[in-house]
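All remarks here apply to the structure that follows.
The values are calculated or read from the model by the stated rules, or taken from the named source; none is laboratory data. Since this is a predicted model, take the numbers as computed values, not measurements. Methodologically, a virtual Cβ is constructed for each residue, glycine included, from the backbone with ideal geometry; neighbour enumeration extends over all protein chains shown. Side chains included, ligands, DNA and RNA excluded: accessible areas come from the protein's heavy atoms. Shrake-Rupley method; radii C 1.70, N 1.55, O 1.52, S 1.80 Å.
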Amino acid sequence: MTHKLNTDIIIVGGGLAGLTLTILLAQNGFKVTCIDRDDLKFKTAADQRTTVISYGSQRVIERSGIWNKLLPNACPIQDIEIL
């Protein structure tokens, strides 16, 4: 079966970076398709990992307009231990 996509950009990977880039490009007028092997509903419901976001990455996420939705679950990094 062949599918035609009406898209300017295809992003492979629907993690934090891929989805953020998808949002930013779409907000700037591009037709963007984000492809991931996992279903988005599964990823958002089942993924309980902790993610460390640097100040620079925070600024990018702020530009996407989703930082305020993440903020209630955010906290500053107090310590980092590398073993």
Handout entry: Pick from the range 1-32, criterion within 23 Å of Ser57 (Cβ to Cβ) and hydroxyl-bearing (Ser, Thr, Tyr), ranking: surrounded by the most Cβ atoms within 10 Å (Cβ to Cβ)
Key = Thr22
Practice task
Kindly list, by first and then second residue, each pair from a residue in the range 65-83 that is more than 14 Å from Ile53 (Cα to Cα) to a residue that is open to solvent by 100 Å² or more (accessible area, probe 1.4 Å), limited to pairs with Cβ atoms under 9 Å and residues at least 6 apart or on different chains.
Solution key: Gly65/Gln27
Exercise for the section: Out of the residues in the range 59-83 that are among the small types (Gly, Ala, Ser) and in contact with a helix residue (DSSP H, G or I) (Cβ under 8 Å, 6 or more places away or on another chain), state the one that is least open to solvent (accessible area, probe 1.4 Å). Expected result: Ser64
